[in-house]
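**Student:** One structure, as structure tokens, below. Some questions next.
The values are calculated or read from the model by the stated rules, or taken from the named source; none is laboratory data. Source: prediction; values computed, not measured. Neighbour counts run over all protein chains shown; Cβ positions are idealised from the backbone, glycine included.
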Amino acid sequence: MKNSNKDMSLILRFISHIRAMFYVFIDEVKNIFKDRGVVVIVILAVLVYPLLYCSLYMNETLVDVPVVVVDDSHTAKSAEFSRHLDATRDVKVYSKANNMHEAELLFNTSKVHGIIYIPADFDKKLNRGEQAIVSVYSDMSSFLYYRALILSTNYVALDLGKDIQVQRLNAMGITGEQQAVISEPIPYESVILFNEGMGFASFLMPAILILIIHQTLFFGIGMAAGTAREENRYHELVNSSVHRGGIFRVILGKTLAFFSIYMLWSVYLLGFIPWLFNLPHIGNPFTLLEFIVPFLLASIFFSMTVSVFVPSREIQMVLLLFFSLILLFLSGISWPQSNISGFWRLFGWLFPATFGIQAYFKINTMGAGIHEIVFEQTGLWIQTAIYFITTTIAFYGQIYKKRNEIQQ
Amino acid sequence: MSKNKFSAFYKTFMRELKRMGSRPVYFLGTVGVMFFCYVFFLSFMSEGQPDKMPVGVVDLDNSPLSRQFLRNLNATQQADIVENLSSYTEARKEMQKGKIYAFVVIKDNFEAEVLSNRRPKITFYVNDAYLVAGSLLLKDITYMSELTSGAMKQKVLKAKGVDESRIMGIIQPVSLDTHLIGNPWANYGVYLLNLLLPGVLQLMILMLTIFAIGIELKEKTSRLWLRTSDNSIFVALMGKLMPYTLVFTLLGIIGDVLLYWYMGYPVHSNILWMFLTTFLYVVAYQALGILIIGITPVLRDGVTIAAFYGLLGFTFAGFTFPIEQMPYVAQIFSYLFPIRFYFKIYVNQALYGLNIAYSISYLLALIVFTVFPMFVYVRLKKAAIYQNYPIK
């Protein structure tokens, strides 16, 4: 009898905890929507940023980069080279210049991003069976110009060369099997796996999407905490009775509020947006779920820990916005992870975004299953645990400080 | 400036210096952030170009010839063979884990088929999800393959008694002689850091300009500020922002020096032009900061708008994805970003070393931005006097 009483009271206490947590949760959601500054970050920014960035990068690869051709050869063969070049997807022949000086002028005024120089002896050399040389001058102000120019000119030179090669070998009486062995002794095939279109948006946007989650949570939670600090209502965060259960209730209630909002956002950001803009989206939804849960939790606890040190509403964004860029590079999708020095790699492990970007990239762009992202997933769960503990300590510290102040 | 005005300016200037010492945000937001970024990015990309990236091999032949081939691959600048895998499936999994960026499959009987002229195929798989690693490896592997097969072709032709002078004409009738203007090593750091660091600079200029003004409104000290500057909003702004002009210009020039001298990045024009550009760039962004806080004299809103606009600057500079390949509307918007003009001047001067005449219009464009604050002088002055905006 006594025992069951104890059970009952335990259950009642449990229910009351849940109810209390639920109220904190509702309260917190209300708080979020009451604060215009926070709404701008966790609602408006999340909604608009992906649409904006995806539209800007809509053209995945460069199309028809203008180049100028200086054709000193003036022959059918040189005209063919320039025509083939114009026919490629990457490059278009903007105009033909009479000399290099004219071409340079076009280049210097950014009318063209490359100069193709076909020397006077081009045709002569081809007729004599020698190697003809075409000079290519590439704009190096952007990596993508360089890539477009190299890819297209290489393609044209090889393509044109192949025909000439066949003619020459035929003339020498080398045909059939023998000819094939000479022209291509070991056939190579390069297959591009994942992001087959070599698209820029497909490469950058997945990382941006994860960063949007991470950073809006970070600044949103920070701003909410800064407001509370300014209005000196930290007591409201912790309610009146500060007992052991209280602090967890507060932390879990706040967490739940942001977690549920961002679960919805995850569907939008990681599911809808990639579908809408035709970014890679080959990830299994369940694998995505297995990654997104620890990612959101780790990001929320990380932000809550940092938020304790935020003295006012705006300071965090003033000082730490630039860090979005650092996070992008730490993630290792641009500069490869294998080439990041040990120190910076360890430093990157402090932030949920580092694991988050890699995991999302692997699942959604490369079709990885849960086994391939064990490392990232473990990292995120460890961060969740550690940052939960630091949040608890930090909140306790706050209450302790407050109490001392009140007593004095 | 009359003597009165000058003394007002001086007093405002000194007042701001004192304020800057009163909170850590001023030091952290200028010297702190910029030095962190200098250390971070310069050490992060000190290699210039990512070399020796991990690749895997599936060598089903394991013959002297296949091993020779792999040794050649391993000797290239960018590839580093780190894993021997047993099958395509396993290799693909390793790629999904991110452990390798490319792998090569050599079929069994490779050597036997080469020796009997049956032309066995070698297949490379490159992961272009990591665009930089993928592109560089693809280039390197293609180059290596061409070399290897070129050597084989040469051998065969020689054996046939073809004259030495004609061999190259047969192997490769049309050859390319490629010149990479301004950045002959295709150094990746040159692409990125020359704009990333000024990018961070503009972000911090916007933030601190808005903070320095906005905090006066928020903490209701703005009347005192105006009184110090003899009730002239122009003097008030000049006196307040001059310390930041000096600090940020200095920080920007330190950045120029680090990139052009310490890292040895290309600077083919007089470096003084870049110093001048840096100064105009700082002032242009300060002017935009005034404009933003003038339009919405609420610190929080100002900071949020600056965040939005500042981050877009990295895109609209056009150094990653070229502007003219963006949708037409976006191209028009790019003119609203001083960093766009900075990029143009940097390319013309530092990268290509053109005559300054090519950059005059861009320099003028930077100066035009300094006119913008005029539109909000009255509004800002009223806000400073009446303090009638929400502070939250």
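**Student:** Note down all Cβ pairs under 6 Å where the first residue falls in the range B:322-349 and is outside any helix (DSSP H, G or I), the second is aliphatic (A, V, I, L, M), and they're at least six residues apart or on different chains.
**Tutor:** Going by the 6 Å Cβ cut-off, the qualifying pairs are B:MET326/A:LEU56.
**Student:** For B:SER361, all conditions in the list (1) away from chain A (no Cβ under 14 Å); (2) of a type outside the set (D, E, K, R); (3) surrounded by fewer than 22 Cβ atoms within 10 Å (Cβ to Cβ) hold save one; what is the number of the exception?
**Tutor:** With (1) away from chain A (no Cβ under 14 Å); (2) of a type outside the set (D, E, K, R); (3) surrounded by fewer than 22 Cβ atoms within 10 Å (Cβ to Cβ) applied to B:SER361, the lone miss is (1).
**Student:** Please determine whether any residue of the range B:62-77 is crowded, with 19+ Cβ neighbours inside 10 Å, within 11 Å of chain A (Cβ to nearest Cβ) and aliphatic (A, V, I, L, M).
**Tutor:** No.
**Student:** Taking into account only those residues within the range A:375-398 that are under 23 Å from A:MET205 (Cα atoms) and not polar (S, T, N, Q), which is surrounded by the fewest Cβ atoms within 10 Å (Cβ to Cβ)?
**Tutor:** Kept after step one, since they are under 23 Å from A:MET205 (Cα atoms), are these residues of the range A:375-398: A:375-377, A:379-380.
Narrowing further to those that are not polar (S, T, N, Q): A:375-376, A:379-380.
Details: A:PHE375: 15, A:GLU376: 25, A:GLY379: 21, A:LEU380: 25.
Residue satisfying both the conditions and the ranking: A:PHE375.
**Student:** Does A:PHE107 satisfy the criteria of being at the interface with chain B (Cβ under 9 Å from one of its Cβ atoms), part of a helix (DSSP H, G or I) and farther than 20 Å from B:ALA350 by Cα?
**Tutor:** On the way: at the interface with chain B (Cβ under 9 Å from one of its Cβ atoms): yes; part of a helix (DSSP H, G or I): yes; farther than 20 Å from B:ALA350 by Cα: no.
No: the conditions fail for A:PHE107.
**Student:** Can you give me the number of residues within the range A:320-371 that are of a type outside the set (A, V, I, L, M, F, W, C), surrounded by fewer than 23 Cβ atoms within 10 Å (Cβ to Cβ) and farther than 30 Å from B:ILE205 by Cβ? Explain how you work it out, then say what you get.
**Tutor:** First, the residues of the range A:320-371 that are of a type outside the set (A, V, I, L, M, F, W, C): A:324, A:331-332, A:334, A:336-339, A:341-342, A:345, A:348, A:352, A:354, A:356, A:358, A:360, A:362, A:364-365, A:367, A:369, A:371.
Subset that is surrounded by fewer than 23 Cβ atoms within 10 Å (Cβ to Cβ): A:324, A:334, A:336-339, A:341-342, A:345, A:348, A:367, A:369, A:371.
If we keep only those that are farther than 30 Å from B:ILE205 by Cβ too, we end up with A:336-339, A:342, A:345, A:367, A:369, A:371.
Count: 9.
**Student:** When you scan the range B:17-29, do you find a residue that is within 9 Å of another protein chain (Cβ to nearest Cβ), more than 30 Å from B:VAL303 (Cβ to Cβ) and either among the hydroxyl-bearing types (Ser, Thr, Tyr) or buried (at least 22 other Cβ atoms within 10 Å of the Cβ) (or both), even just one?
**Tutor:** no
**Student:** Could you check the range B:149-163 and list, in sequence order, the residues that are more than 7 Å from chain A (Cβ to nearest Cβ) and part of a helix (DSSP H, G or I)?
**Tutor:** B:GLY150, B:ALA151, B:GLN154, B:LYS155, B:LYS158, B:ALA159
**Student:** Pick out the one residue from A:LEU126, A:LEU56 that is in contact with a helix residue (DSSP H, G or I) (Cβ under 8 Å, 6 or more places away or on another chain), within 7 Å of chain B (Cβ to nearest Cβ), under 30 Å from A:GLY197 (Cβ atoms) and not charged (D, E, K, R). Talk me through it step by step, then tell me what you get.
**Tutor:** Values: A:LEU126 fails: under 30 Å from A:GLY197 (Cβ atoms).
Every option except A:LEU56 fails the conditions.
**Student:** Residue under question is A:ASP27, and the condition is that it be at pLDDT 90 or above, part of a helix (DSSP H, G or I) and either surrounded by 15 or more Cβ atoms within 10 Å (Cβ to Cβ) or of a type outside the set (A, V, I, L, M) (or both); does it hold?
**Tutor:** no
**Student:** Exactly one condition in (1) polar (S, T, N, Q); (2) more than 12 Å from chain B (Cβ to nearest Cβ); (3) free of Cβ contacts under 8 Å to residues at least 12 places away in the same chain; (4) crowded, with 19+ Cβ neighbours inside 10 Å is false for A:ASN278; which is it?
**Tutor:** (4)
**Student:** While we're here: Being more than 9 Å from every other protein chain (Cβ to nearest Cβ) and touching a residue at least 24 places away in the same chain (Cβ under 8 Å), is that true of even one residue in the range B:164-183?
**Tutor:** No, every residue in the range B:164-183 fails to be more than 9 Å from every other protein chain (Cβ to nearest Cβ) and touching a residue at least 24 places away in the same chain (Cβ under 8 Å).
**Student:** Select from the range A:130-154 the residues that are of a type outside the set (Phe, Trp, Tyr), outside any helix (DSSP H, G or I) and closer than 17 Å to B:PRO184 by Cα and list them in ascending order. So that I can check it myself, show each step before the final result.
**Tutor:** First, pick out the residues of the range A:130-154 that are of a type outside the set (Phe, Trp, Tyr): A:130-136, A:138-142, A:144, A:147-154.
Then keep just the ones that are outside any helix (DSSP H, G or I); that gives A:130-136, A:138-142.
Listed by number, the residues that qualify are A:SER135, A:VAL136, A:SER138, A:ASP139, A:MET140, A:SER141, A:SER142.
**Student:** Please determine whether any residue of the range B:116-133 is more than 9 Å from every other protein chain (Cβ to nearest Cβ), within 30 Å of B:SER175 (Cα to Cα), in contact (Cβ under 8 Å) with a residue 40 or more places away in the chain and of a type in the set (A, V, I, L, M, F, W, C).
**Tutor:** Looking through the range B:116-133, none of the residues is more than 9 Å from every other protein chain (Cβ to nearest Cβ), within 30 Å of B:SER175 (Cα to Cα), in contact (Cβ under 8 Å) with a residue 40 or more places away in the chain and of a type in the set (A, V, I, L, M, F, W, C).
**Student:** Only one of these is closer than 30 Å to A:ALA207 by Cα, crowded, with 21+ Cβ neighbours inside 10 Å and not aliphatic (A, V, I, L, M): A:TYR57, A:TYR117, A:TYR137. Name it.
**Tutor:** Working: A:TYR117 fails: closer than 30 Å to A:ALA207 by Cα; A:TYR137 fails: closer than 30 Å to A:ALA207 by Cα.
Going through A:TYR57, A:TYR117, A:TYR137 in turn, just one is closer than 30 Å to A:ALA207 by Cα, crowded, with 21+ Cβ neighbours inside 10 Å and not aliphatic (A, V, I, L, M): A:TYR57.
**Student:** Now, a different point. Go through the range A:171-196 and give me each residue that's among the polar types (S, T, N, Q) and touching a Pro at 6+ places or on another chain (Cβ under 8 Å). Break it down into steps so the answer makes sense when it comes.
**Tutor:** If we filter the range A:171-196 for residues that are among the polar types (S, T, N, Q), which is where we start, we get A:175, A:178-179, A:183, A:190, A:195.
A:ASN195 - this is the single residue of the range A:171-196 that is among the polar types (S, T, N, Q) and touching a Pro at 6+ places or on another chain (Cβ under 8 Å).
**Student:** Out of (1) surrounded by 16 or more Cβ atoms within 10 Å (Cβ to Cβ); (2) touching a Ser or Thr at 6+ places or on another chain (Cβ under 9 Å); (3) part of a helix (DSSP H, G or I); (4) of a type outside the set (Gly, Ala, Ser), what's the single condition that is false for A:LYS124?
**Tutor:** Status for A:LYS124: all satisfied but (1).
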